[in-house]
Amino acid sequence: MNRRTFLHRLGGWMIGGWLAGSPFRLLARPAESMPLVRLYPVMGTLVRFEVYHPDRAAARDAVRQASALLFEVHRQMSVQEPASMLSRWNASPSGAELVLPALTRQAVAEALRWREITAGRFDPTVGAAVAAWQQGRTPLPQPARQVEVVGEGRFRKWAPVALDLGGSAKGWAVDQAVAVLQQAGCTAGLVNAGGDLRVFGAPPGTSAWQIGIRHPLRPDEVLVTVALRDGALATSGDYEPAGSTLVDPRDLRRVRLEGSVTVWAPTCGAADALATALAVDPDPHWLPDPAGALVARRSAEGLRVQTYRWSFASCCNQTKKYP
């Protein structure tokens with residue numbers, strides 16, 4: 001599911017103050033705050049690491065390990081790489097059974113779990129439908145039985161469906177990278193993979209990370225500011241390039257969100273999958289607890305912003321109009 005790429009330009013790590021390739025802006029922090037910052041072009045975006053550790057060398061080692069994990073996720077799961085495990089799965093015939101490596105296995109299982117939680121609003125098996133729309137064809141109905149877990153690390157493909165983890169794997173990978181940083185003793189950190197961001201702890205001298213969310217109609221402006229200490233944000237919407245395709249898995253219709261949705265959740269994998277699902281069904285009241293959302297939709301009067309379980313941000317849990 002090609003939810004979003006959020007690539008403005010990757011020529012620098014900041015573009016007009018925005019984190020490159022991202023709908024998020026990291027706002028000012030105390031001058032004494034000196035994080036280790038590293039950027040890596042991986043998973044179709046520019047991933048930014050910002051970490052604090054009492055030992056600078058240990059911080060560098062931790063970021064190297066975390067970034068290596070992201071490159072491995074890309075190698076195994078990118079549908080743009082013909083040799084990836086996911087591409088091999090998609091090319092296999094119906095009835096085929098594959099043993100997946102641990103990373104891919106965990107990511108697929110997590111994506112299938114979110115399909116159940118979202119009641120089908122998110123579904124990693126719509127890859128063939130996305131491809132059909134991109135080729136100008138109407139997708140064929142999908143059979144009810146598609147993918148089955150048949151044993152430890154083994155999955156069976158019951159229909160000619162294509163898996164696309166683009167709507168969940170990036171956020172899930174960010175969570176794995178954060179776990180590496182925390183296990184290495186980092187006291188605070190930020191990992192931002194385009195539209196998928198997770199933080200832990202807080203920069204020295206602060207109580208939280210200050211994150212600005214981009215205005216979908218005025219991309220140089222901040223729509224709302226979030227004070228985030230431990231948690232994740234994922235955004236989907238009008239930041240997408242013109243060629244991107246969003247499909248409602250429930251009826252395979254091609255849909256377009258006139259605005260943007262941002263989801264807060266404790267983990268980035270949750271925020272990523274839920275933002276994908278919310279772009280399909282923008283009424284946030286179906287979101288599972290404790291996730292919250294900010295839905296910004298275009299209207300004749302401007303931008304109508306609705307928030308749900310969003311009390312930690314600089315706007316209230318109500319509907320507002322923005323010019």
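Any read-out appearing in this document is the output of simple, stated calculations on the displayed coordinates, not a laboratory observation. Just so we're clear, the structure is a prediction, and the values are computed from it rather than from any experiment. Every residue, glycine among them, receives a Cβ derived from its backbone with ideal geometry; neighbour counts consider all protein chains shown.
Listing for the model above:
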{"read-out": "Within the range 80-157: Cβ-based charge dipole about Cα centre, in debye rounded to nearest 20 (Lys, Arg +1; Asp, Glu -1)", "value": "140"}
{"read-out": "Cα gyration tensor category, rounded, prolate or oblate, for the range 92-132 with a/c compared to 1.5", "value": "oblate"}
{"read-out": "Area projected by the alpha carbon convex hull of the range 80-157, averaged over all directions, nm²", "value": "5.7"}
{"read-out": "Residue order, fewest to most beta carbons within 10 Å, for His285, His74", "value": "His285, His74"}
